[in-house]
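**Q** Following this message is one structure expressed as structure tokens.
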Amino acid sequence: MSENRHYTGLTEDEVAESRRLNGSNLLTPPQKESLLMRFLKKFGDPLIVILIIAGALSVGISCYEYWGLGKSGSVFFEPIGIFVAILLATGLAFIFEVKADREFAVLNQVNDDEPVMVIRNGNAIQIAKKDVVVGDIVLLNTGDEVPADGELLEAVSLNIDESTLTGEPISRKSVEMNSEDSESTFPQNHAMRGTKVMEGHGVMRVYAVGDNTENGKVYEAAQIDDGVKTPLNEQLDGLGRLITFASYGIAAAVVIGRLLMYFIDSDGFNWVEFIAYALESLMIAVTLIVVAVPEGLPMAVTLSLAYSMRSMLKTNNLVRRLHACETMGATTVICTDKTGTLTQNQMQVSKSKFSRYDELLYEGIAINSTAELDTSGPRTVVLGNPTEGALLLWLKDRDVDYKELRKKAERVAEVPFTTELKYMATVVQSASGKRILYVKGAPEIVYSMSRDGVGVTNDDIETELLEYQNQGMRTLGFAYREVGDDETVIAGGRIVVNDLLFLGFVAISDPVRADVPDAVKEVVNAGIKVKIVTGDTVGTAKEIGRQIGLWNNDTDGERNIITGSEFALLTDEQLNERIDDLKIIARARPMDKKRIVEALQARNEVVAVTGDGTNDAPALKTAHVGLSMGDGTSVAKEASDITIIDNSFTSIGRAVMWGRSLYKNIQRFILFQMTVNVVACIVVLVGAFMGMQSPLTVTQMLWVNLIMDTFAAMALASLPPTRSVMSEKPRSRTAFIISRPMWVSIIGVGGIFFLLLLGILYYLGHAEITCLPDMLTVSTGRYTGLSQYEQTLFFTIFVFLQFWNMFNAKAFATGRSAFHFRNCNGYIVIALSIIIGQILIVTVGGELFNVEPLKLVDWAIIIVGTSPVVAIGEIVRILSARRGPAHLPRRISIS
């Protein structure tokens, strides 16, 4: 390579010294957290902490009962049940996330042994990419991946795809400082690690390797876990604090109240009696804590998220982290990339204006090009320059085979495109037998070299080109000239004639995906703000914004758009003051999007970020929800929470709908379970102060809280998403998860259930019955306690009151009947499973659950007698609908 003889490169000693000073060309891998640590972190959930404390107290009480009071080993069933609840809740969440992680494994592996051509000791040699050091002279050729950051010493027709780092699909490179684009993300005479040479060749001197490259900085930032709490976590934390204060407060009140009653009612103080009474009070308090704490809630939330995780996959949302399912529903801002997300990431001819459409035009386009089309797969892929590829796709759409045209003609001479010339020229021996010079390039340059505009004036060209360029399109002009056998038209690497015939021009763009405008409109109508963050030019970004309905030329102005260089000059205070108004950030650098996300989060926004390039990874990691594209880079996928398999913005709208519907389903479950726990807690509390035995054992409550409530959670989670949620505004992340209507329902329904159950408890404690029909004939007497059969009756009545109330929870805030079962097959199956489970528990539970089998007539009376709970709920819903506007949201099933 004669052009490289003057480069000597580094000596071996200089290589060693450079490696010592600047490090090796390796990206430091993220420190992986062990599976054990990831599992242990699950125990930090506030509800899990409450359960652990309750379990520890229960163990202490059980030990006293077993060794101190000589009871059977069955007393340990209670603490065992609590710890089983803990392990199920933490284990399921851990298993689901590990399984999702494995589906994403090995996505960001980088081959550091790829060969790189460098000059050392005056010789061109091949070394592994990891061995490149600062100061190395690297030779770049078409198809190469740039191994490190470097300054170009030579650039011949050098075009580099920087989309993975900046979002720009093609960047023309030059060593001339005065030809730099002042708006470009990186200097035009720099080549960056991880980008790809699409055409041409060059020579560069490395100035940064490994973690110090721009790619390395992005990669490192993508590993930082900023520990952003999701809205659901914050709201469950609030619920956990409420339950903690309420349960421990009530338990403390029980102990204090009973001790006061002991001193008031006691004739004389006896230490033995007092200790026994105090321990009994403590046991009642522990029972109250276990009854008050919804043991099944953590597992129920996990199962709800896991169900949505699987269901969202059917809508092309591959969820990697469970929380992302729900957090999408709380999203208030979406920061989106342009290339590949809003657009198709494939340049196409949008406008064409030629004086002729014939073999001569097609031959010129086919031969005066270095691009190729790969049609072997289901989708045609451009190989080489994307702009030239767009011209070949245009020929393909017109049923013109560019390969056949190339076969029929012979290339004689060529002038490659350079940023200085701004055109490419090829002389061919045409299939027509003539020798022809074909030229394409900047329209104003090509037109100035033509003697005949074929009816087109220079003013016409300037007017139309300005219109296309304002729309963010790239334009190319075309001309030709017949060449005599002995005529010279190319000399010194340029065209030396200026009497071409102008053919016309094309406008090329990366078109917006067809579904994007409607999808953007849907999320904007849902109260979500959309911001475009792109490495492309201001003009292109504004035009894309206009096409998708985000930018209005009449109402939007300078305050709504900013470039990367301007953005970098803003202080944090200035950014905070302006961030709400910004719609477009153009010429953005890799770390700009991350700063935007952090600024929005500081304003209490819930931020989702979309992106497909390595440059998007830090922002994807920092956001509450990171959304990578299915054909994005491995680093982007690794940093994200959800991968949009079909690359469609429409799928993002579906994810928002799923998230909002899931949150409402979680609210319905909390409504259901809190009613259960409030009723049980008050019954046990009042019974304790009335001197009655606890009608519900800890194992019975564990069955209700763990099994029945978990089934209920699955039933409510399986309800299909509701399209109507997309007409609502995002919920406040500071709002408590239990809304005012939920409190009214919990207190109202819970109060009615309490009075009903207290009456039944009083009757059963003062009458001896062997079946429910006895209640018609047996009168009450003195308090004798509950027999095991009576306790079984009370337990089953309690369960079926809650069972029928589950149907009311299903209909909560829907405006629909509780018996609307369209697309609710899963709900029906699970509801039947709860009935079967209760029958099995009562039939075979025995000593463990302190139950005995019920008579068939009692089953019939209990099931039918408790069913008016739903009927009353239906009446209340009808009356509520009549008081206000009837709004019946439309449910849809996604399959």
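**Q** How tilted is helix 649-689 with respect to the longest principal axis of the chain? Cα atoms for both, answer in degrees (0 to 90, nearest 10).
**A** 20
**Q** For a quick check of your reading of the filter: which trypsin sites (Lys or Arg not before Pro) in segment 798-874 sit in a DSSP loop and have no more than 15 other Cβ atoms within 10 Å?
**A** Arg822, Lys855
**Q** Enter the angle in degrees (range 0 to 90, nearest 10) between the Cα long axis of helix 516-525 and the first principal axis of the Cα atoms of the chain, meaning the one along which they spread out most.
**A** Rounded to the nearest ten degrees, it is 40.
**Q** What lysines does Lys351 reach when the alpha-carbon gap must be under 24 Å and sequence neighbours fewer than 8 apart in one chain are set aside?
**A** List returned: Lys338, Lys396, Lys403, Lys422, Lys440, Lys542.
**Q** Taking the solvent-accessible surface of protein heavy atoms with a 1.4 Å probe, what is the per residue accessible area of segment 554-702 in Å²? Walk me through the numbers on the way to the answer.
**A** Numbers: 4110 Å² over 149 residues.
I get 28 Å² per residue for segment 554-702.
**Q** Return the ratio Rg/(2.2 N^0.38 Å) for segment 368-470, where Rg is computed over Cα atoms only.
**A** Normalised Rg, Cα atoms only: 1.22.
**Q** Let me ask something additional. Using 0.36 nm times the number of residues separating Ala735 and Asp397, minus their current alpha carbon distance, what extension gain do you get?
**A** Gain on stretching Ala735 to Asp397: 116.2 nm.
**Q** Taking R0 as 22 Å, what FRET efficiency do you get between Phe354 and Glu487 from their Cβ-Cβ distance, rounded to the nearest 0.05?
**A** Computed FRET efficiency for Phe354 and Glu487 comes out at 0.30.
**Q** Eigenvalues of the Cα gyration tensor times 5, then square-rooted: what semi-axes does that give for segment 441-577, in whole angstrom, largest first?
**A** 43, 18, 13
**Q** Run the simple label-point estimate for Lys855 and Thr784 please: 7 Å along Cα→C-beta, distance reported in nm.
**A** 1.6
**Q** Can you compute the label reach from Glu176? Point 7 Å from Cα along the Cβ direction, backbone N cut-off under 18 Å, restricted to segment 436-469.
**A** 440-449
**Q** Here's another thing I want to ask about it. Would you calculate the separation in nanometres between label points at Thr8 and Val844, each defined as 7 Å from the Cα along the Cα-to-beta-carbon direction?
**A** Result: 8.9 nm between the two label points.
**Q** Could you list the square roots of 5 times each eigenvalue of the Cα gyration tensor of segment 414-513, that is, the equivalent ellipsoid semi-axes, sorted largest first and rounded to whole Å?
**A** Equivalent-ellipsoid dimensions as semi-axes: 26, 15, 13 Å.
**Q** Between Asp267 and Ser72, what's the calculated FRET efficiency when r is the beta-carbon distance and R0 is 30 Å? Round to 0.05.
**A** Calculated transfer efficiency: 0.35.
**Q** Please give the per residue accessible area of segment 461-549, computed with a probe of 1.4 Å over protein heavy atoms only, in Å².
**A** Counting only protein heavy atoms, the per-residue value for segment 461-549 is 40 Å².
**Q** Quick one: divide the alpha-carbon radius of gyration of segment 602-642 by 2.2 N^0.38 Å and tell me what you get.
**A** Cα Rg divided by the expected 2.2 N^0.38 Å: 1.07.
**Q** Could you tally the net charge around Phe669, taking each other residue with its Cβ under 11 Å from the Cβ of Phe669, Lys/Arg +1 and Asp/Glu -1?
**A** +2
**Q** Give me the number: length gained by fully extending Arg723 to Glu404, i.e. 0.36 nm times residue separation minus the C-alpha to C-alpha distance, one decimal in nm. Mind dumping the intermediate values first?
**A** Values: separation 319, 0.36 × 319 = 114.84 nm, distance 5.19 nm.
Separation in residues times 0.36 nm, less the Cα-Cα distance, equals 109.6 nm.
**Q** Please express the shape of segment 544-636 as an equivalent ellipsoid: the semi-axes are the square roots of 5 times the eigenvalues of the C-alpha gyration tensor, given largest first in whole angstrom.
**A** Computed over segment 544-636, the values are 22, 17, 13 Å.
**Q** Once the piece of chain linking Val497 and Lys217 is laid out straight, how much longer is it, given 0.36 nm per residue of separation minus the C-alpha distance between them?
**A** Working: separation 280, 0.36 × 280 = 100.80 nm, distance 4.89 nm.
The span from Val497 to Lys217 would gain 95.9 nm if fully extended.
**Q** Could you tell me how many degrees, from 0 to 90 and to the nearest 10, lie between the Cα long axis of helix 12-22 and the main elongation axis, the longest principal axis, of the Cα atoms of the chain?
**A** Taking the Cα atoms of the chain, the angle to 12-22 is about 40 degrees.
**Q** State, to one decimal in nm, how far the label point of Asp518 lies from the label point of Glu234, with both points 7 Å from Cα in the Cβ direction.
**A** Using points 7 Å along Cα→Cβ, the separation is 3.4 nm.
**Q** Quantify, in whole percent, the carbon and sulfur part of the accessible surface of segment 474-604 (1.4 Å probe; protein heavy atoms only). Kindly include the intermediate steps, with their values, before the conclusion.
**A** Working: 2470 of 5540 Å².
After summing per-atom areas, the C and S share lands at 45 percent.
**Q** Can you tell me the FRET efficiency between Leu569 and Asp459 if r is taken as the Cβ-Cβ distance and R0 is 41 Å, rounded to the nearest 0.05? Mind showing how you got there, number by number?
**A** Details: r = 39 Å, r/R0 = 0.94.
Taking R0 as 41 Å, the efficiency between Leu569 and Asp459 is 0.60.
**Q** Evaluate the relative contact order of the chain (contact order divided by residue number), counting alpha-carbon pairs under 8 angstrom at least 6 apart; express in whole percent.
**A** Averaging sequence separation for qualifying contacts and normalising by length gives 14 percent for the chain.
**Q** Give me the percent of accessible area attributable to carbon and sulfur for segment 797-854, probe 1.4 angstrom.
**A** For segment 797-854, the apolar C and S fraction of the accessible surface comes to 66 percent.
**Q** So, one more: Give the Rg/Rh ratio for segment 795-849, taking Rg as the radius of gyration of the Cα atoms and Rh as the Kirkwood radius, to two decimals. Each step should come with its number before you reach the end.
**A** Working: Rg = 13.6 Å, Rh = 12.6 Å.
Ratio of gyration radius to Kirkwood radius for segment 795-849: 1.08.
The values are calculated or read from the model by the stated rules, or taken from the named source; none is laboratory data. All values derive from a computational prediction rather than experimental measurement. We place every Cβ from the backbone using ideal geometry, glycine too, and count neighbours over all the protein chains shown. Side chains are part of the model used for accessible areas, which takes the heavy atoms of the whole protein and leaves out ligands, DNA and RNA. Shrake-Rupley method; radii C 1.70, N 1.55, O 1.52, S 1.80 Å.
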